[in-house]
Every structure is written in structure tokens, then in C-alpha cells.
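The structure appears right after this line, and notes come after that.
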Amino acid sequence: MNNITGVYTAIVTPFSASGELDGVALREQVKRQQQAGNNIFCNGTNGEFFMLNEQEKIRVTEICLEAAGSDTGVMSHVGEISTSATIRLGKHIETLGVRAVSVITPWFATLRPQELIAHFRAVADALTVPVYLYNIPARTGNTLTPAIVRELANHPNIKGIKDSAGSWESLQGFHEVSKQFTDFSVLTGPDSLIYRGFTEGSIGCISGIANIIPAQVNAVYRHLQEKNAAAAEAVQADINQIRTHLYGIAFSPAVVKKAVNLLGYNVGESRYPVDFTQDDTNKILAVIKDFNLRG
């Protein structure tokens, strides 16, 4: 039985004014998501995993688990550019008590299908915690196709895939794979597809925009659980409007973090080079005002 269901927020990693990990602010964000009924996905793209060192990733996971307690699920991303580094981090993380880990494709080097398959099998062989594949080809340059995933879904410790390719065609391809395996499931990555993903085969979603609007994202799932598809679809339409207005401003995870700050939660600046102009800030503030966002 799969234990990763419902809404998981791809939680931001707060930093202090000096750029260090801010555990107090991270705990606040975990509690905020809990109040909306959401679980936690840490060290992902919105969590700036590519800017965190190994010890910081371990500490982020520890803090999320401490703040979440036993009732809220915590999933941690452990993918690194090499197989050995992924296994090393995964072995640390699995001892902490997370429900599952996700593993992104390696990046920069273009890998052939057999090389991707060997990488993920080696990681899944080495870990005891359930492993989820993480497909985000726009960022890595490597694509997990349904054919590759079909090969990997046979592995007893590969339990599913988080698809962030961004299209319904991609997500649908993995839904078809999941129908062929009783213990392999799909997690929706794009915020624009949460409703459709749930109605057509996904058992969960991992949402970046839930950092800004946690209750609304949870409402899509809750309404569907209550068999109220019309209400869920209406909330999804609102999410899509907010997403469209925000995500065109800059790199979407950077916009998400900026918006959380502007909502009154001090989660610090992004570590990677981000330069929001006053016009950018005004646009985000206008969305917050126009859609009456309260976080």
C-alpha cells in the first residue's frame, strides 16, 4: 500500500539575513502547511536543493520531521549529480524517518536510457526507504520517458514518479505505466494539473504554489475526496489564474519565495542570483491584492 497520497508542499528553505539556514522560520512554514492539511516535501526545487550542501539537506529534513510530528508525512529529495553521492545522502536521510525520498535524474551530462535505468536501480538497491523518480527535463536535460519508467517500475523499491515535465501528455504517459503495476504510482508536479491529475490517476501532488496558497491547493484534493468535482475544478481555475499572473515574472521558485515573504513570512532571499526590481515586486503585490491572498 502506497503511503504517499494527497497534497505535499514543495516547501521553501528559509535563510537568515546572513544566508544561513533558518530553522525557526522553517518550522513556522511546516506548521503553516499542517494547518492547511498538507504534507511536506523538502529539499526540492522550491527548497533550493541545488544550493544546499549535504549537511544542510540532512538538517532541513530533521527540522521538517521534528516540526511535522507523526501525523504529517515528510518526503525528502536526495538526488545528486552522481550515483554515489545520491546513495550517500539517501542513506543519511532514510535513517531519519521520512516516508519516502525522491531522486532526480542526473544533470548536465546527457545520459542514455540504459544509463538512467542503471542509476536509479543502483540507488533503489542501496536504500530501504521507498524511492520516487523525479522527472524535470527542462532543468536537468535528461528525460524519463514512459518506456524507461516501465523498466524501473519493476523494481520493488521504486514506488512511483513525480512528473514535473509540465504537460498533460507527459503525466498521462506515466498514468498508463502505473496501470500496469500495482505498486507504482504517479505524483503530479505542475500546479496547473493538480485537479486533472487527481481525477485521472495521480494519488498525490507535489505543489510549489502551496507555499503561497496552502489552503486552496488542499481544497482541490479535499473537494475531490468529498466527491465534489465542480468545487475542486473551480479552485483549480483560481490556482491557474494566480499561477499565470505570478510565474511569468521570473523563475517560478524565486517568485514563490518572494511572494511568501511579501505575505509576511520572513523566509529570506534565494541563494541563487535573483534580482527582483521594484516593478517585479509591485506585480507580485498586485496579485496578492487582486486575489486577496492570505497564505
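The values are calculated or read from the model by the stated rules, or taken from the named source; none is laboratory data. Since the model is a prediction, treat every value here as computed from it, not as a measurement. Cβ atoms come from the backbone with ideal geometry, glycine included; neighbour counts cover every protein chain shown. Calculation scope for accessible area: heavy atoms of the full protein, side chains included, ligands and nucleic acids excluded. Shrake-Rupley method; radii C 1.70, N 1.55, O 1.52, S 1.80 Å.
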So which residues in region 223-274 are in contact with a strand residue (DSSP E or B) (Cβ under 9 Å, 6 or more places away or on another chain), over 22 Å from Ile194 (Cα atoms) and crowded, with 18+ Cβ neighbours inside 10 Å?
Val267, Gly268, Ser270
Go through region 18-58 and give me each residue that's open to solvent by less than 50 Å² (accessible area, probe 1.4 Å) and either under 16 Å from Gly264 (Cα atoms) or of a type in the set (D, E, K, R) (or both).
Asp22, Ala25, Leu26, Gln29, Val30, Arg32, Gln33, Glu48, Glu54, Glu56, Lys57
If we keep just the residues of region 150-208 that are over 18 Å from Ile104 (Cβ atoms), among the aliphatic types (A, V, I, L, M) and in contact with a Leu (Cβ under 8 Å, 6 or more places away or on another chain), which is surrounded by the most Cβ atoms within 10 Å (Cβ to Cβ)?
Leu193
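If you take the residues in region 88-117 that are farther than 22 Å from Ile206 by Cβ and of a type in the set (A, V, I, L, M), which one is surrounded by the fewest Cβ atoms within 10 Å (Cβ to Cβ)?
Quick first cut of region 88-117, residues farther than 22 Å from Ile206 by Cβ only: 88, 91, 95, 108-115, 117.
Cutting the leftovers down to of a type in the set (A, V, I, L, M) gives us 109, 111, 117.
Numbers: Ala109: 11, Leu111: 18, Ile117: 18.
It comes out as Ala109.
Go through the residues of region 59-73 one by one and say whether even a single one is of a type in the set (Asp, Glu) and farther than 20 Å from Ser207 by Cβ. Steps first, answer last, please.
Within region 59-73, the first condition is being of a type in the set (Asp, Glu), and the residues that meet it are 62, 66, 71.
From the residues that got through so far, the ones that are farther than 20 Å from Ser207 by Cβ too are 62, 66.
Looking for residues that are of a type in the set (Asp, Glu) and farther than 20 Å from Ser207 by Cβ, one finds at least one in region 59-73, hence yes.
To keep it simple, each residue is scored yes or no on (1) at pLDDT 95 or above; (2) over 30 Å from Ala230 (Cα atoms); (3) touching a strand residue (DSSP E or B) at 6+ places or on another chain (Cβ under 7 Å).
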{"site": "Pro106", "(1), (2), (3)": "yes, yes, no"}
{"site": "Pro137", "(1), (2), (3)": "yes, yes, no"}
{"site": "Leu144", "(1), (2), (3)": "yes, yes, yes"}
{"site": "Val149", "(1), (2), (3)": "yes, yes, yes"}
{"site": "Asn157", "(1), (2), (3)": "yes, yes, yes"}
{"site": "Leu187", "(1), (2), (3)": "yes, no, yes"}
{"site": "Pro190", "(1), (2), (3)": "yes, no, no"}
{"site": "Asn211", "(1), (2), (3)": "yes, no, yes"}
Which one of Glu94, Glu115 is of a type in the set (D, E, K, R) and free of Cβ contacts under 8 Å to residues at least 12 places away in the same chain?
Glu115
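Could you run through region 27-69 and say how many residues are assigned to a helix (DSSP H, G or I), touching a residue at least 60 places away in the same chain (Cβ under 8 Å) and under 17 Å from the mean Cα position of the chain (by Cα)?
First pass over region 27-69, keeping only residues assigned to a helix (DSSP H, G or I): 27-36, 49-51, 54-68.
Filter again for touching a residue at least 60 places away in the same chain (Cβ under 8 Å), leaving 28-29, 32-33, 35-36, 50-51.
Add one more test, that the residue is under 17 Å from the mean Cα position of the chain (by Cα), and what stays is 29, 32-33, 36, 50-51.
So the answer is 6.
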Among the residues of region 130-141, is there at least one that is of a type in the set (Gly, Ala, Ser) and open to solvent by 50 Å² or more (accessible area, probe 1.4 Å)?
yes
Return yes or no: is Ser82 hydroxyl-bearing (Ser, Thr, Tyr), farther than 17 Å from Tyr132 by Cβ and free of Cβ contacts under 8 Å to residues at least 60 places away in the same chain?
yes
Just to be sure I understand the filter: pairs with C-beta atoms under 9 Å, separated by 6 or more residues or on different chains, first member in region 273-295 and free of Cβ contacts under 8 Å to residues at least 60 places away in the same chain and within 12 Å of Asn261 (Cβ to Cβ), second member open to solvent by less than 30 Å² (accessible area, probe 1.4 Å) and acidic (Asp, Glu). Which pairs pass?
none
I'd like the residue in region 2-17 that is in a loop (DSSP other than H, G, I, E, B) and of a type in the set (S, T, N, Q) and, out of all such residues, is least open to solvent (accessible area, probe 1.4 Å).
Thr13
